[in-house]
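Colleague: Can you read through this structure? Questions will come right after.
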């Protein structure tokens, strides 16, 4: 954009910058407060209120939460579900997206409509639960993955991206004796890395954040992923429902411990984020809604 | 030769049809691997999206898990009639609509304003930093978002209440006070989604021809006038598309978020259709009644999307489909 050097132009720019800086700060401050709070002692947290950089460093909270196997186990479940789930989802999504991206495929319009329609109308919680139950998936890790294996939205974004790859490339590969699988894996996918990275991240985030499917389909608390455990520790222990699942005899955990659990549940996603972040803008652009 | 042509012309439609059929068959055979690729996905949609739609018929039955859909008794509209006579349901419907209204009137414009502000930043360095920071909350689950705010607003040792005391106010029990449920809900929605929501607007702003701004400046238009006369009209289509999609989510306000904030003290304002379906259906085993509620919700959502889409098309916009 062209530089505006008039007084009002500069005033406008300065105001705009300041306001955005404040908004950005407000966005990250709560999380920084939680991270800092998790690395200090309860006494220090109580005394200095708003901690941004701990004056007294302490790993007590982390030592405590990792002293039992519960958090380890839940982390393991979450990591496993995220890895396997993302692989399964990407495999099924890219196969379907590629098939539907080919214009000479008879019946693609019908299938396309079937997919889009599921975004507008669905059977709802109970009927879906009954299907999952009938398939014998209750209390299995598969219930966290298979019922949400493909997101219609992600599939359409990927399909649109594949459609923009010049058809000539596919034609020439075909002449060289490549079949459709060959074309997809040797030509189309390598050309689609930004889109694949974006969609993988979307899936990974969804699986890491799995909560609803876990409380719906897992009765066995030994199988809980980290998000469900986080809710038990922070939300239910905030003195809300004394009748709630947590044992009333146990006093609610310290603020520092709650904060440490939040950090542990967030960290993996925050570590992946910088690596994939540069792709989002492109990813969103190519998706831009229109089927 | 002439005979042959004459014959051919009468037989033409038949021949063409069979040739077309053959061609289609050939094309299908040539694309057989593509069908293999689509099969798993299609199967997924049939089993996990369409089978549940078939399952909606249990809302016309007294469904008993032991008997299954085939063996349960038909009761017609009984459950739907119950919907409109039960005062509980009207309250839940009201709560759902209020949260929907907050989403549309308070949340929806914010990403647009934020995108316009980000777009006015000179220097890509800060623009990128602000964007990265604003996107982060979107990647946190509702459990994390709710947990962070609980840690901040709790009565003993929460930073917000400590600040209130510091400035000479009384402590507020945000979590148990029903009048704080809606503000907390919408603040959390804004905190988590507003930054992420800018992406799509920024992308479509980036596609605007810079010459338009140049020309407007020649005509003496200031920044605000440029935003008003060029940027906003250029992204109107995207705004309308996203608006329709938002309307479509009318009664889909996110089960997780509300469920996490719900407790015995704020139930009066916090119970929405989704959370009710969960408790009444899965916790209390009223499968048929809660499926009827869910069905009602999905139909309203579908009707709203179709209506808004039609209106936007009448107004000369593209619509979603």
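Just so you know, all these numbers are worked out from the coordinates, no wet-lab data involved. Values in this document were obtained by computation on a predicted structure and should not be read as measured data. Note that we place each Cβ from the backbone using ideal geometry, even for glycine, and neighbour counts take in every protein chain shown.
Colleague: Can you show me the helix-derived [θ] at 222 nm for the protein assembly as shown, built from DSSP H runs with n ≥ 4 at -39,500 (n - 2.57) apiece and divided by the number of residues, rounded to the nearest 500.
Modeller: Helices in the protein assembly as shown give a 222 nm mean residue ellipticity of -20500 deg cm²/dmol.
Colleague: Round to the nearest 10 and give me the degree value, 0 to 90, for the angle of helix A:255-287's Cα axis relative to the longest principal axis of chain A.
Modeller: So the inclination is approximately 20 degrees.
Colleague: Counting partner chain Cβ atoms within 10 Å of every residue's Cβ in A:197-206, what's the average?
Modeller: Per-residue shielding by partner chains comes out at 1.
Colleague: Moving to a separate point now. Compute the distance from the alpha-carbon center of the stretch A:40-96 to that of the stretch B:260-311, in whole Å.
Modeller: 32 Å
Colleague: Can I ask one more? For Cα pairs less than 8 Å apart in space and 6+ apart in sequence, what is the mean separation divided by the residue count of the stretch B:196-321, i.e. the relative contact order in percent?
Modeller: Reported relative contact order: 26 percent.
Colleague: Rounded to the nearest Å, what's the spacing between the alpha carbon centres of the stretch B:72-146 and the stretch A:99-177? Just the number, please.
Modeller: 25 Å
Colleague: R0 = 51 Å: FRET efficiency of residue A:57 with residue B:212, Cβ-based, nearest 0.05?
Modeller: Working from the Cβ atoms, E equals 0.40.
Colleague: Something else about it: What is the protein assembly as shown by shape, rounded, prolate or oblate, if you read a ≥ b ≥ c off the alpha carbon gyration tensor as root eigenvalues and call it rounded for a/c under 1.5, prolate for a/b larger than b/c, and oblate otherwise?
Modeller: oblate
Colleague: Evaluate the relative contact order of chain B (contact order divided by residue number), counting alpha-carbon pairs under 8 angstrom at least 6 apart; express in whole percent.
Modeller: Once normalised by length, the contact order is 23 percent.
Colleague: Sort B:126-132, B:297-303 for me by packing, meaning the mean count of neighbouring Cβ atoms within 10 Å per residue, highest on top.
Modeller: On the way: B:126-132: 17.7, B:297-303: 16.1.
Packing order, densest peptide first, comes out as B:126-132, B:297-303.
Colleague: What shape does chain A have by the C-alpha gyration tensor, where a ≥ b ≥ c are the square roots of the eigenvalues, rounded means a/c under 1.5, and otherwise prolate means a/b greater than b/c and oblate the rest? Don't jump to the answer; show the numbers that get you there.
Modeller: Working: a/c = 2.37, a/b = 1.34, b/c = 1.77.
Since a/c reaches 1.5 but b/c is at least a/b, the shape of chain A is classed as oblate.
Colleague: A further question on this structure: Would you mind checking the tilt of helix A:193-208 against the longest principal axis of the Cα atoms of chain A, expressed as 0 to 90 degrees and rounded to 10?
Modeller: Computed tilt is about 40 degrees.
Colleague: Pairing the Cα long axis of helix A:69-101 with the longest principal axis of chain A, what angle in degrees results, from 0 to 90 and rounded to the nearest 10?
Modeller: Compared with the principal axis, the helix lies near 20 degrees.
Colleague: Can you give me the relative contact order of the stretch A:108-234 as a percent, contacts being Cα pairs under 8 Å and 6 or more apart?
Modeller: Computed value for the stretch A:108-234: 33 percent relative contact order.
Colleague: If you find the alpha carbon centre of the stretch B:149-226 and of the stretch A:4-34, how far apart are they in angstrom?
Modeller: Cα centres, the stretch B:149-226 to the stretch A:4-34: 12 Å.
Colleague: Work out, step by step, the length gained on full extension between residue B:314 and residue B:77: first 0.36 nm times the residue separation, then minus their alpha carbon distance; give nm to one decimal. Provide the component values of the computation, followed by the final result.
Modeller: Details: separation 237, 0.36 × 237 = 85.32 nm, distance 3.56 nm.
Using 0.36 nm per residue and subtracting the Cα-Cα distance, I get 81.8 nm.
Colleague: Just checking the output field for B:193-200: average partner chain Cβ neighbours within 10 Å of each residue's Cβ?
Modeller: For this peptide, the per-residue mean of nearby foreign Cβ atoms is 3.
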